[in-house]
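Trainee: Please read through the structure below; I'll follow up with questions.
The values are calculated or read from the model by the stated rules, or taken from the named source; none is laboratory data. In this text, all values refer to a predicted model and were calculated from it rather than measured experimentally. Note: ideal-geometry Cβ built from the backbone for every residue, glycine included; neighbour counts use all protein chains shown. All accessible areas refer to the heavy atoms of the entire protein, side chains included, with ligands and DNA or RNA removed. Shrake-Rupley method; radii C 1.70, N 1.55, O 1.52, S 1.80 Å.
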Amino acid sequence: MKNDLPTPSGFVTEPGLADLCRTHPDLHYRPATQQGREILAFGQVCLEEIALQVGTPCWVINADILRNRARRFKAAFAAFDLTVRHHFAVKAQDHLAVLTVLHQEGFGADIVSGGELQRSLTAGMAPGEIVFSGIGKTDAELREAIALEIAQINVESAEELERINHLAGEMGRSARIALRVNPDIDAGTHDKITTGRAEDKFGIQYADIIPVYRRAMEEYAHLHPVGLAVHLGSQILSAEPYRKGYERLAGIVRDLRQAGLTVSEIDCGGGLGIAYRDELAPEPALLAEIIAQTLGPLDVTLRVEPGRFLAGPAGVLLAGITEIKAASHQHAREFVILDAGMTELIRPALYESWHGILPLQRNSELQAEKKVDLVGPICESSDVFARQRLLPPLKRGEIVALLDAGAYGSVMSSHYNTRPLATQVMSEGKDWSIIRPRQSVEELLSAEMIPSWLASTHLAE
Ligand SMILES: *Cc1c(COP(=O)(O)O)cnc(C)c1O
(Lines give C-alpha, C1' and ligand atoms only; values in the text may rest on other atoms or scores of the structure.)
Protein backbone atom coordinates (compact mmCIF):
# COMPACT_ATOMS: atom_id res chain seq x y z
CA MET A 1 0.00 0.00 0.00
CA LYS A 2 1.21 3.45 -0.87
CA ASN A 3 -0.65 5.29 1.87
CA ASP A 4 2.33 6.91 3.47
CA LEU A 5 4.18 7.85 0.32
CA PRO A 6 4.19 11.39 -0.97
CA THR A 7 1.45 11.94 -3.57
CA PRO A 8 1.85 13.79 -6.87
CA SER A 9 0.80 17.02 -5.20
CA GLY A 10 3.53 16.61 -2.63
CA PHE A 11 1.51 16.01 0.55
CA VAL A 12 2.85 13.37 2.87
CA THR A 13 -0.14 13.12 5.18
CA GLU A 14 -3.43 11.65 4.05
CA PRO A 15 -6.45 13.87 3.56
CA GLY A 16 -8.75 13.80 6.60
CA LEU A 17 -12.54 14.03 6.79
CA ALA A 18 -12.62 17.79 6.35
CA ASP A 19 -10.15 17.63 3.44
CA LEU A 20 -12.25 14.99 1.69
CA CYS A 21 -15.39 17.06 2.09
CA ARG A 22 -13.54 20.03 0.65
CA THR A 23 -12.34 18.06 -2.39
CA HIS A 24 -15.74 16.37 -2.80
CA PRO A 25 -18.28 19.19 -2.81
CA ASP A 26 -21.12 16.73 -3.42
CA LEU A 27 -20.44 15.08 -0.07
CA HIS A 28 -21.16 17.03 3.07
CA TYR A 29 -22.25 16.50 6.64
CA ARG A 30 -25.50 18.10 7.67
CA PRO A 31 -26.94 18.40 11.14
CA ALA A 32 -29.29 15.62 12.19
CA THR A 33 -32.20 16.18 14.55
CA GLN A 34 -30.22 14.57 17.35
CA GLN A 35 -27.96 17.04 19.14
CA GLY A 36 -24.34 17.08 18.05
CA ARG A 37 -24.88 14.44 15.38
CA GLU A 38 -24.19 15.09 11.71
CA ILE A 39 -25.07 12.80 8.82
CA LEU A 40 -23.46 12.46 5.42
CA ALA A 41 -25.34 13.65 2.36
CA PHE A 42 -24.41 12.72 -1.21
CA GLY A 43 -25.88 15.47 -3.34
CA GLN A 44 -29.38 15.84 -1.91
CA VAL A 45 -29.83 12.36 -0.48
CA CYS A 46 -29.05 11.12 3.00
CA LEU A 47 -26.82 8.08 2.69
CA GLU A 48 -27.82 6.71 6.09
CA GLU A 49 -31.47 6.63 5.06
CA ILE A 50 -30.58 4.56 1.98
CA ALA A 51 -28.32 2.18 3.92
CA LEU A 52 -30.94 1.61 6.62
CA GLN A 53 -33.63 0.86 4.04
CA VAL A 54 -31.71 -1.40 1.64
CA GLY A 55 -28.93 -2.71 3.86
CA THR A 56 -25.20 -2.90 3.20
CA PRO A 57 -23.08 -3.39 1.17
CA CYS A 58 -24.80 -1.05 -1.25
CA TRP A 59 -23.77 1.11 -4.19
CA VAL A 60 -25.21 4.58 -4.63
CA ILE A 61 -24.83 6.29 -7.98
CA ASN A 62 -25.82 9.91 -8.24
CA ALA A 63 -27.38 10.83 -11.60
CA ASP A 64 -26.93 14.58 -11.02
CA ILE A 65 -23.18 14.14 -10.73
CA LEU A 66 -23.15 11.97 -13.85
CA ARG A 67 -25.06 14.65 -15.74
CA ASN A 68 -22.89 17.49 -14.45
CA ARG A 69 -19.69 15.73 -15.36
CA ALA A 70 -21.05 14.75 -18.78
CA ARG A 71 -21.99 18.37 -19.44
CA ARG A 72 -18.63 19.66 -18.19
CA PHE A 73 -16.85 17.20 -20.47
CA LYS A 74 -18.89 18.13 -23.53
CA ALA A 75 -18.64 21.86 -22.84
CA ALA A 76 -14.84 21.62 -22.77
CA PHE A 77 -14.86 20.36 -26.37
CA ALA A 78 -17.64 22.68 -27.51
CA ALA A 79 -15.29 25.59 -26.75
CA PHE A 80 -13.21 24.61 -29.79
CA ASP A 81 -14.13 24.44 -33.44
CA LEU A 82 -14.07 20.65 -33.61
CA THR A 83 -16.44 17.91 -34.72
CA VAL A 84 -16.57 15.59 -31.70
CA ARG A 85 -18.66 12.51 -30.94
CA HIS A 86 -18.81 11.54 -27.29
CA HIS A 87 -18.83 7.89 -26.26
CA PHE A 88 -19.00 6.62 -22.68
CA ALA A 89 -16.63 3.72 -21.97
CA VAL A 90 -19.29 1.27 -20.82
CA LYS A 91 -16.86 -1.02 -19.01
CA ALA A 92 -16.39 1.64 -16.29
CA GLN A 93 -20.05 1.44 -15.17
CA ASP A 94 -22.39 -0.61 -17.30
CA HIS A 95 -25.74 -0.35 -15.51
CA LEU A 96 -28.65 0.31 -17.88
CA ALA A 97 -29.77 3.30 -15.80
CA VAL A 98 -26.31 4.88 -16.03
CA LEU A 99 -26.22 4.32 -19.79
CA THR A 100 -29.70 5.84 -20.06
CA VAL A 101 -28.64 8.98 -18.18
CA LEU A 102 -25.51 9.42 -20.25
CA HIS A 103 -27.37 8.78 -23.50
CA GLN A 104 -29.79 11.54 -22.49
CA GLU A 105 -26.70 13.74 -22.10
CA GLY A 106 -25.62 13.01 -25.66
CA PHE A 107 -23.17 10.17 -25.12
CA GLY A 108 -22.96 7.09 -27.26
CA ALA A 109 -21.04 4.02 -26.14
CA ASP A 110 -17.54 2.64 -26.38
CA ILE A 111 -17.94 -1.09 -25.86
CA VAL A 112 -15.54 -3.99 -25.45
CA SER A 113 -17.85 -7.01 -25.71
CA GLY A 114 -21.04 -8.36 -27.22
CA GLY A 115 -22.62 -8.10 -23.79
CA GLU A 116 -21.89 -4.39 -23.65
CA LEU A 117 -23.27 -4.06 -27.18
CA GLN A 118 -26.57 -5.58 -26.06
CA ARG A 119 -26.62 -3.33 -22.98
CA SER A 120 -26.03 -0.18 -25.02
CA LEU A 121 -28.80 -1.06 -27.46
CA THR A 122 -31.13 -1.92 -24.58
CA ALA A 123 -30.39 1.50 -23.06
CA GLY A 124 -31.65 3.06 -26.28
CA MET A 125 -28.42 3.84 -28.08
CA ALA A 126 -28.45 3.55 -31.85
CA PRO A 127 -25.85 1.33 -33.59
CA GLY A 128 -24.44 4.51 -35.17
CA GLU A 129 -23.58 5.79 -31.68
CA ILE A 130 -21.55 2.72 -30.75
CA VAL A 131 -17.82 2.09 -31.17
CA PHE A 132 -16.40 -1.41 -30.54
CA SER A 133 -12.93 -1.44 -28.96
CA GLY A 134 -10.96 -4.15 -27.24
CA ILE A 135 -8.71 -7.07 -27.90
CA GLY A 136 -9.91 -10.59 -28.71
CA LYS A 137 -13.33 -9.87 -30.21
CA THR A 138 -14.94 -13.18 -31.15
CA ASP A 139 -16.37 -13.99 -34.60
CA ALA A 140 -19.87 -13.93 -33.12
CA GLU A 141 -19.32 -10.50 -31.58
CA LEU A 142 -17.88 -9.12 -34.81
CA ARG A 143 -20.72 -10.55 -36.92
CA GLU A 144 -23.26 -8.85 -34.69
CA ALA A 145 -21.42 -5.53 -34.88
CA ILE A 146 -21.13 -5.79 -38.69
CA ALA A 147 -24.79 -6.75 -39.10
CA LEU A 148 -25.92 -3.81 -36.96
CA GLU A 149 -23.63 -1.41 -38.86
CA ILE A 150 -22.26 0.18 -35.70
CA ALA A 151 -20.26 3.42 -36.01
CA GLN A 152 -16.89 1.69 -36.14
CA ILE A 153 -14.85 -1.29 -35.05
CA ASN A 154 -11.43 -0.42 -33.65
CA VAL A 155 -9.06 -3.07 -34.94
CA GLU A 156 -6.30 -4.31 -32.66
CA SER A 157 -4.11 -6.26 -35.08
CA ALA A 158 -3.45 -7.11 -38.74
CA GLU A 159 -4.89 -10.56 -38.01
CA GLU A 160 -8.13 -9.13 -36.67
CA LEU A 161 -8.36 -6.87 -39.73
CA GLU A 162 -8.17 -9.86 -42.04
CA ARG A 163 -10.76 -11.71 -39.97
CA ILE A 164 -13.22 -8.78 -40.07
CA ASN A 165 -12.82 -8.51 -43.85
CA HIS A 166 -13.54 -12.22 -44.18
CA LEU A 167 -16.60 -12.10 -41.90
CA ALA A 168 -18.01 -8.99 -43.61
CA GLY A 169 -17.46 -10.68 -46.99
CA GLU A 170 -19.39 -13.78 -45.90
CA MET A 171 -22.23 -11.53 -44.80
CA GLY A 172 -22.15 -9.41 -47.96
CA ARG A 173 -21.51 -6.31 -45.86
CA SER A 174 -18.90 -3.61 -45.50
CA ALA A 175 -17.46 -2.91 -42.03
CA ARG A 176 -16.44 0.56 -40.90
CA ILE A 177 -13.10 0.14 -39.16
CA ALA A 178 -10.34 2.20 -37.54
CA LEU A 179 -6.88 0.91 -36.73
CA ARG A 180 -5.95 1.13 -33.07
CA VAL A 181 -2.43 2.48 -32.91
CA ASN A 182 0.00 1.43 -30.21
CA PRO A 183 1.97 4.68 -30.01
CA ASP A 184 4.56 3.32 -27.56
CA ILE A 185 3.87 6.03 -24.99
CA ASP A 186 4.02 5.43 -21.25
CA ALA A 187 0.93 7.09 -19.79
CA GLY A 188 2.69 7.44 -16.45
CA THR A 189 -0.16 5.70 -14.66
CA HIS A 190 -0.28 2.44 -12.69
CA ASP A 191 1.44 -0.43 -14.51
CA LYS A 192 -1.80 -2.42 -14.66
CA ILE A 193 -3.80 0.33 -16.36
CA THR A 194 -1.33 1.63 -18.93
CA THR A 195 -2.13 0.35 -22.41
CA GLY A 196 -0.08 2.26 -24.97
CA ARG A 197 3.46 0.93 -24.54
CA ALA A 198 5.06 -1.35 -27.14
CA GLU A 199 5.06 -4.24 -24.65
CA ASP A 200 1.33 -3.86 -23.90
CA LYS A 201 -1.05 -6.19 -25.73
CA PHE A 202 -3.11 -3.38 -27.24
CA GLY A 203 -3.05 -1.90 -30.72
CA ILE A 204 -0.90 -2.15 -33.84
CA GLN A 205 2.70 -0.95 -33.54
CA TYR A 206 2.80 2.54 -34.99
CA ALA A 207 5.61 1.68 -37.39
CA ASP A 208 3.31 -0.93 -39.03
CA ILE A 209 0.28 1.30 -39.49
CA ILE A 210 0.89 2.48 -43.06
CA PRO A 211 1.19 -0.96 -44.70
CA VAL A 212 -1.75 -2.33 -42.68
CA TYR A 213 -3.91 0.70 -43.49
CA ARG A 214 -2.99 0.38 -47.16
CA ARG A 215 -4.03 -3.27 -47.12
CA ALA A 216 -7.34 -2.29 -45.49
CA MET A 217 -8.01 0.30 -48.21
CA GLU A 218 -6.70 -1.47 -51.28
CA GLU A 219 -6.82 -5.21 -50.73
CA TYR A 220 -9.76 -5.86 -48.45
CA ALA A 221 -12.99 -5.38 -50.37
CA HIS A 222 -15.29 -5.62 -47.36
CA LEU A 223 -13.75 -2.96 -45.15
CA HIS A 224 -14.35 0.76 -45.04
CA PRO A 225 -11.38 2.25 -43.16
CA VAL A 226 -12.24 5.60 -41.61
CA GLY A 227 -9.13 6.35 -39.60
CA LEU A 228 -7.18 5.65 -36.45
CA ALA A 229 -7.89 5.06 -32.77
CA VAL A 230 -5.73 5.28 -29.68
CA HIS A 231 -6.19 4.74 -25.95
CA LEU A 232 -3.15 5.38 -23.82
CA GLY A 233 -4.27 4.08 -20.46
CA SER A 234 -6.45 5.02 -17.53
CA GLN A 235 -6.24 7.48 -14.61
CA ILE A 236 -3.91 9.76 -16.60
CA LEU A 237 -3.03 12.79 -14.50
CA SER A 238 -0.75 14.84 -16.72
CA ALA A 239 -0.90 16.49 -20.11
CA GLU A 240 2.39 15.00 -21.29
CA PRO A 241 1.30 11.51 -22.41
CA TYR A 242 -1.75 12.92 -24.17
CA ARG A 243 0.30 15.54 -26.00
CA LYS A 244 2.96 13.03 -27.03
CA GLY A 245 0.42 10.39 -28.04
CA TYR A 246 -1.73 12.70 -30.14
CA GLU A 247 1.29 14.34 -31.76
CA ARG A 248 2.50 10.91 -32.77
CA LEU A 249 -0.96 10.10 -34.10
CA ALA A 250 -1.09 13.36 -36.08
CA GLY A 251 2.26 12.47 -37.62
CA ILE A 252 0.93 9.09 -38.71
CA VAL A 253 -2.18 10.71 -40.24
CA ARG A 254 0.05 13.08 -42.25
CA ASP A 255 2.16 10.13 -43.42
CA LEU A 256 -0.94 8.17 -44.40
CA ARG A 257 -2.30 11.10 -46.38
CA GLN A 258 1.05 11.64 -48.05
CA ALA A 259 0.91 7.98 -49.08
CA GLY A 260 -2.42 8.72 -50.76
CA LEU A 261 -4.62 7.11 -48.11
CA THR A 262 -7.83 8.68 -46.79
CA VAL A 263 -8.22 9.40 -43.07
CA SER A 264 -11.42 11.07 -41.93
CA GLU A 265 -11.81 10.09 -38.27
CA ILE A 266 -9.70 9.83 -35.14
CA ASP A 267 -10.81 8.13 -31.95
CA CYS A 268 -8.88 9.73 -29.08
CA GLY A 269 -9.74 7.11 -26.43
CA GLY A 270 -10.31 7.93 -22.76
CA GLY A 271 -8.14 7.85 -19.68
CA LEU A 272 -8.73 11.22 -18.02
CA GLY A 273 -7.87 10.79 -14.33
CA ILE A 274 -9.76 11.92 -11.23
CA ALA A 275 -8.63 12.98 -7.75
CA TYR A 276 -9.11 10.02 -5.42
CA ARG A 277 -6.79 11.33 -2.74
CA ASP A 278 -5.19 14.70 -3.35
CA GLU A 279 -4.02 14.26 -6.91
CA LEU A 280 -4.07 17.28 -9.17
CA ALA A 281 -6.48 15.90 -11.75
CA PRO A 282 -6.51 17.63 -15.13
CA GLU A 283 -9.70 19.33 -16.28
CA PRO A 284 -11.43 18.15 -19.47
CA ALA A 285 -10.63 21.61 -20.83
CA LEU A 286 -6.94 20.71 -20.82
CA LEU A 287 -7.60 17.48 -22.75
CA ALA A 288 -9.81 19.36 -25.21
CA GLU A 289 -7.11 21.98 -25.73
CA ILE A 290 -4.42 19.37 -26.39
CA ILE A 291 -6.68 17.55 -28.84
CA ALA A 292 -7.57 20.83 -30.58
CA GLN A 293 -3.89 21.75 -30.90
CA THR A 294 -2.59 18.36 -32.04
CA LEU A 295 -5.47 16.83 -34.01
CA GLY A 296 -7.64 19.88 -34.75
CA PRO A 297 -5.60 20.99 -37.78
CA LEU A 298 -6.15 17.58 -39.45
CA ASP A 299 -9.81 18.40 -40.10
CA VAL A 300 -11.15 15.03 -39.01
CA THR A 301 -14.19 13.87 -37.06
CA LEU A 302 -13.03 13.14 -33.52
CA ARG A 303 -14.32 10.67 -30.98
CA VAL A 304 -13.60 10.74 -27.25
CA GLU A 305 -14.28 7.91 -24.80
CA PRO A 306 -14.22 8.96 -21.15
CA GLY A 307 -15.17 6.33 -18.57
CA ARG A 308 -13.71 6.98 -15.14
CA PHE A 309 -14.01 10.77 -15.43
CA LEU A 310 -17.79 10.57 -15.81
CA ALA A 311 -18.66 7.71 -13.47
CA GLY A 312 -15.93 7.60 -10.80
CA PRO A 313 -16.97 10.50 -8.57
CA ALA A 314 -20.67 9.74 -9.19
CA GLY A 315 -20.67 6.60 -7.05
CA VAL A 316 -20.02 5.53 -3.46
CA LEU A 317 -20.00 2.11 -1.84
CA LEU A 318 -21.70 1.89 1.55
CA ALA A 319 -20.36 -0.73 3.93
CA GLY A 320 -21.39 -1.68 7.43
CA ILE A 321 -18.92 -2.45 10.22
CA THR A 322 -19.31 -6.11 11.14
CA GLU A 323 -16.64 -6.25 13.78
CA ILE A 324 -13.88 -4.22 15.32
CA LYS A 325 -10.87 -6.31 16.13
CA ALA A 326 -9.01 -4.43 18.80
CA ALA A 327 -5.28 -3.97 18.92
CA SER A 328 -3.45 -6.15 21.42
CA HIS A 329 0.08 -6.64 22.71
CA GLN A 330 0.67 -9.17 19.95
CA HIS A 331 -1.07 -7.14 17.30
CA ALA A 332 -0.53 -3.42 17.35
CA ARG A 333 -3.22 -2.74 14.78
CA GLU A 334 -6.90 -2.23 15.12
CA PHE A 335 -8.89 -3.81 12.28
CA VAL A 336 -12.24 -2.42 11.24
CA ILE A 337 -13.94 -5.30 9.42
CA LEU A 338 -16.49 -4.23 6.82
CA ASP A 339 -19.29 -6.17 5.16
CA ALA A 340 -17.96 -5.09 1.73
CA GLY A 341 -14.73 -6.49 0.42
CA MET A 342 -12.70 -7.05 -2.70
CA THR A 343 -15.70 -8.91 -4.13
CA GLU A 344 -17.41 -5.53 -4.36
CA LEU A 345 -14.54 -3.04 -4.80
CA ILE A 346 -11.41 -4.78 -6.02
CA ARG A 347 -9.43 -1.66 -6.95
CA PRO A 348 -7.36 -1.42 -3.75
CA ALA A 349 -6.38 -5.10 -4.01
CA LEU A 350 -5.78 -4.98 -7.76
CA TYR A 351 -4.19 -1.56 -8.27
CA GLU A 352 -3.21 -0.49 -4.74
CA SER A 353 -5.68 2.32 -5.23
CA TRP A 354 -6.65 4.77 -2.51
CA HIS A 355 -10.30 5.54 -1.76
CA GLY A 356 -11.51 8.18 0.65
CA ILE A 357 -13.56 6.72 3.52
CA LEU A 358 -16.15 8.75 5.43
CA PRO A 359 -18.36 7.55 8.29
CA LEU A 360 -22.05 8.24 7.59
CA GLN A 361 -22.40 9.74 11.06
CA ARG A 362 -20.11 12.18 12.69
CA ASN A 363 -20.16 13.88 16.01
CA SER A 364 -19.66 17.58 15.48
CA GLU A 365 -17.76 17.83 18.74
CA LEU A 366 -14.09 17.27 18.20
CA GLN A 367 -13.12 13.67 18.79
CA ALA A 368 -9.69 12.14 18.92
CA GLU A 369 -8.95 10.34 15.67
CA LYS A 370 -6.93 7.16 15.50
CA LYS A 371 -5.31 5.01 12.88
CA VAL A 372 -7.12 1.83 11.88
CA ASP A 373 -6.91 -0.75 9.09
CA LEU A 374 -10.18 -1.11 7.16
CA VAL A 375 -10.54 -4.58 5.71
CA GLY A 376 -13.14 -6.76 4.00
CA PRO A 377 -14.40 -10.21 5.03
CA ILE A 378 -12.85 -12.12 2.11
CA CYS A 379 -10.30 -14.85 2.80
CA GLU A 380 -7.44 -13.09 1.03
CA SER A 381 -4.70 -11.01 2.62
CA SER A 382 -5.11 -8.46 -0.16
CA ASP A 383 -8.70 -7.78 0.92
CA VAL A 384 -7.75 -4.47 2.50
CA PHE A 385 -9.32 -1.09 1.72
CA ALA A 386 -6.99 1.10 3.77
CA ARG A 387 -4.08 0.69 6.13
CA GLN A 388 -3.43 2.99 9.07
CA ARG A 389 -6.21 5.38 8.07
CA LEU A 390 -6.86 8.21 10.53
CA LEU A 391 -10.57 8.17 11.42
CA PRO A 392 -12.80 9.22 14.32
CA PRO A 393 -13.71 6.36 16.69
CA LEU A 394 -15.89 3.81 14.91
CA LYS A 395 -18.28 1.28 16.41
CA ARG A 396 -19.64 -2.05 15.28
CA GLY A 397 -22.87 -1.46 13.33
CA GLU A 398 -21.82 1.92 12.02
CA ILE A 399 -21.71 2.51 8.26
CA VAL A 400 -18.97 4.07 6.16
CA ALA A 401 -18.88 5.34 2.57
CA LEU A 402 -16.04 4.46 0.23
CA LEU A 403 -15.75 7.40 -2.13
CA ASP A 404 -15.17 7.66 -5.89
CA ALA A 405 -16.32 4.08 -6.39
CA GLY A 406 -18.56 4.77 -9.40
CA ALA A 407 -16.08 3.55 -12.04
CA TYR A 408 -14.49 0.10 -12.14
CA GLY A 409 -16.36 -0.72 -8.93
CA SER A 410 -19.63 -2.67 -9.20
CA VAL A 411 -18.68 -3.83 -12.71
CA MET A 412 -15.73 -5.76 -11.29
CA SER A 413 -17.78 -7.51 -8.59
CA SER A 414 -17.40 -11.25 -8.17
CA HIS A 415 -19.15 -14.07 -6.35
CA TYR A 416 -15.99 -15.23 -4.61
CA ASN A 417 -16.79 -16.69 -1.18
CA THR A 418 -20.37 -17.20 -2.51
CA ARG A 419 -21.18 -13.56 -2.15
CA PRO A 420 -24.32 -12.38 -3.97
CA LEU A 421 -24.07 -9.07 -5.85
CA ALA A 422 -24.78 -6.02 -3.68
CA THR A 423 -27.77 -3.71 -4.06
CA GLN A 424 -27.42 -0.77 -6.44
CA VAL A 425 -29.29 2.49 -5.95
CA MET A 426 -29.53 5.54 -8.18
CA SER A 427 -30.40 8.98 -6.86
CA GLU A 428 -31.49 12.07 -8.74
CA GLY A 429 -32.34 15.26 -6.89
CA LYS A 430 -34.02 14.20 -3.65
CA ASP A 431 -35.30 10.93 -5.12
CA TRP A 432 -33.63 7.58 -5.02
CA SER A 433 -34.57 4.17 -6.21
CA ILE A 434 -33.18 0.64 -6.23
CA ILE A 435 -31.79 -0.12 -9.69
CA ARG A 436 -30.65 -3.63 -8.87
CA PRO A 437 -31.88 -5.53 -5.83
CA ARG A 438 -29.46 -7.51 -3.74
CA GLN A 439 -28.96 -10.96 -5.20
CA SER A 440 -29.93 -13.89 -3.05
CA VAL A 441 -27.79 -16.96 -2.41
CA GLU A 442 -30.71 -18.97 -3.84
CA GLU A 443 -30.27 -17.14 -7.16
CA LEU A 444 -26.62 -18.12 -7.22
CA LEU A 445 -27.31 -21.74 -6.37
CA SER A 446 -30.23 -22.10 -8.77
CA ALA A 447 -27.88 -21.49 -11.70
CA GLU A 448 -25.82 -24.58 -10.82
CA MET A 449 -26.54 -28.15 -11.87
CA ILE A 450 -25.43 -31.44 -10.41
CA PRO A 451 -24.72 -34.09 -13.10
CA SER A 452 -27.22 -36.94 -13.05
CA TRP A 453 -24.48 -39.53 -12.45
CA LEU A 454 -23.61 -37.79 -9.20
CA ALA A 455 -27.18 -37.78 -8.04
CA SER A 456 -27.29 -41.54 -8.34
CA THR A 457 -23.93 -42.15 -6.68
CA HIS A 458 -24.10 -43.48 -3.16
CA LEU A 459 -22.26 -41.81 -0.38
CA ALA A 460 -19.08 -43.56 0.70
CA GLU A 461 -19.85 -45.90 3.58
C1 LIG B 1 -11.17 1.61 -20.80
C2 LIG B 1 -11.20 2.35 -22.07
C3 LIG B 1 -11.64 3.69 -22.11
C4 LIG B 1 -12.02 4.45 -20.87
O5 LIG B 1 -10.95 4.65 -20.00
P6 LIG B 1 -11.13 5.60 -18.72
O7 LIG B 1 -9.81 5.61 -18.10
O8 LIG B 1 -12.17 5.00 -17.86
O9 LIG B 1 -11.53 6.94 -19.22
C10 LIG B 1 -11.70 4.31 -23.33
N11 LIG B 1 -11.34 3.67 -24.47
C12 LIG B 1 -10.89 2.39 -24.47
C13 LIG B 1 -10.52 1.76 -25.75
C14 LIG B 1 -10.81 1.70 -23.28
O15 LIG B 1 -10.38 0.45 -23.28
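Trainee: Please arrange Ser381, Ser413, Ser120 by accessible surface area, largest first, computed with a 1.4 Å probe and ligands excluded. Write down the numbers at each step before the final one.
Mentor: On the way: Ser381 110, Ser413 30, Ser120 0 Å².
Largest accessible area first, the list is Ser381, Ser413, Ser120.
Trainee: Using a cut-off of under 15 Å, list every residue of the stretch 21-38 whose amide N is near the label point 7 Å from the Cα of Glu49 along the Cα-to-beta-carbon line.
Mentor: Inside the label zone: 28-34.
Trainee: Could you give the length gained by full extension between Phe335 and Leu454, i.e. 0.36 nm per residue of separation minus their alpha carbon distance, to one decimal place? Provide the component values of the computation, followed by the final result.
Mentor: On the way: separation 119, 0.36 × 119 = 42.84 nm, distance 4.28 nm.
Length difference between fully extended and current span is 38.6 nm.
Trainee: Which residues does the label zone of Leu298 cover in the stretch 73-90, counting backbone N under 19 Å from a point 7 Å along Cα→Cβ?
Mentor: Hits in the stretch 73-90 for Leu298 at 19 Å: 77-78, 80-87.
Trainee: How much FRET efficiency would the formula 1/(1 + (r/R0)^6) give for Ala239 and His415, where r is the Cβ-Cβ distance and R0 is 35 Å, rounded to 0.05? Don't skip to the end; give the middle numbers.
Mentor: On the way: r = 40 Å, r/R0 = 1.16.
My answer for the efficiency is 0.30.
Trainee: For Asp208 and Ala327, what does the FRET efficiency come to when R0 = 45 Å and r is the distance between their Cβ atoms, rounded to the nearest 0.05? All intermediate terms of the calculation are to be shown ahead of the outcome.
Mentor: Working: r = 58 Å, r/R0 = 1.28.
Efficiency at R0 = 45 Å is approximately 0.20.
Trainee: Then there's this: For Lys91, give me every one of the aspartates and glutamates with a C-alpha distance below 13 angstrom, ignoring sequence neighbours fewer than eight places off in its own chain.
Mentor: Output for Lys91: Asp110, Glu116, Glu305.
Trainee: How far apart, in nm, are two points set 7 Å out from the Cα along the Cα-to-Cβ line at Glu247 and at Glu398?
Mentor: Distance between the two pseudo-spin positions: 5.0 nm.
Trainee: Ranking request for peptides 367-377, 152-162: highest mean number of other beta-carbon atoms within 10 Å first, then the rest in descending order.
Mentor: Numbers: 367-377: 17.4, 152-162: 21.3.
The densest-packed peptide leads the list: 152-162, 367-377.
Trainee: Between Lys430 and Gln118, 0.36 nm times their residue separation minus their Cα-Cα distance comes to what? Mind dumping the intermediate values first?
Mentor: Working: separation 312, 0.36 × 312 = 112.32 nm, distance 3.08 nm.
In short, 109.2 nm is gained.
Trainee: How would you rank 143-150, 72-79, highest first, on the average number of other Cβ atoms within 10 Å across their residues?
Mentor: Details: 143-150: 18.9, 72-79: 16.8.
So the order, starting with the most tightly packed, is 143-150, 72-79.
Trainee: Express the accessible area of the chain per residue in Å², computed with a 1.4 Å probe while the remaining protein chains stay in the model.
Mentor: Numbers: 20310 Å² over 461 residues.
Heavy-atom accessible area per residue stands at 44 Å².
Trainee: With the full set of protein chains in place, find how many percent of the accessible area of the chain is carbon and sulfur; take the probe as 1.4 Å.
Mentor: On the way: 10510 of 20310 Å².
Ligands and nucleic acids excluded, carbon and sulfur give 52 percent.
Trainee: Just to be sure I understand the model, the point goes 7 Å from the Cα along the line to the Cβ. What's the resulting Leu390 to Arg30 distance in nm?
Mentor: Once both label points are built, they end up 2.9 nm from each other.
Trainee: Which whole-angstrom value gives the distance between the alpha carbon centres of the stretch 330-391 and the stretch 71-126?
Mentor: That distance is 33 Å.
Trainee: At Ala78 and Asp19, where each label point lies 7 Å from the Cα along Cα→Cβ, what is the point-to-point distance in nanometres?
Mentor: Going from the Ala78 label point to the Asp19 one covers 3.6 nm.
Trainee: To make sure I understand the rule: partners must be lysines, Cα under 30 Å from the Cα of Lys371, and not fewer than 8 residues away in the same chain. Which ones qualify?
Mentor: Qualifying lysines at Cα under 30 Å: Lys2, Lys192, Lys325, Lys395.
Trainee: Tell me, in nm to one decimal, what length is gained between Ser174 and Asp186 on full extension, where the rule is 0.36 nm per residue of separation less the Cα-Cα distance? Could the numbers behind the result be given before it?
Mentor: Working: separation 12, 0.36 × 12 = 4.32 nm, distance 3.46 nm.
Extending this stretch completely gives an extra 0.9 nm.
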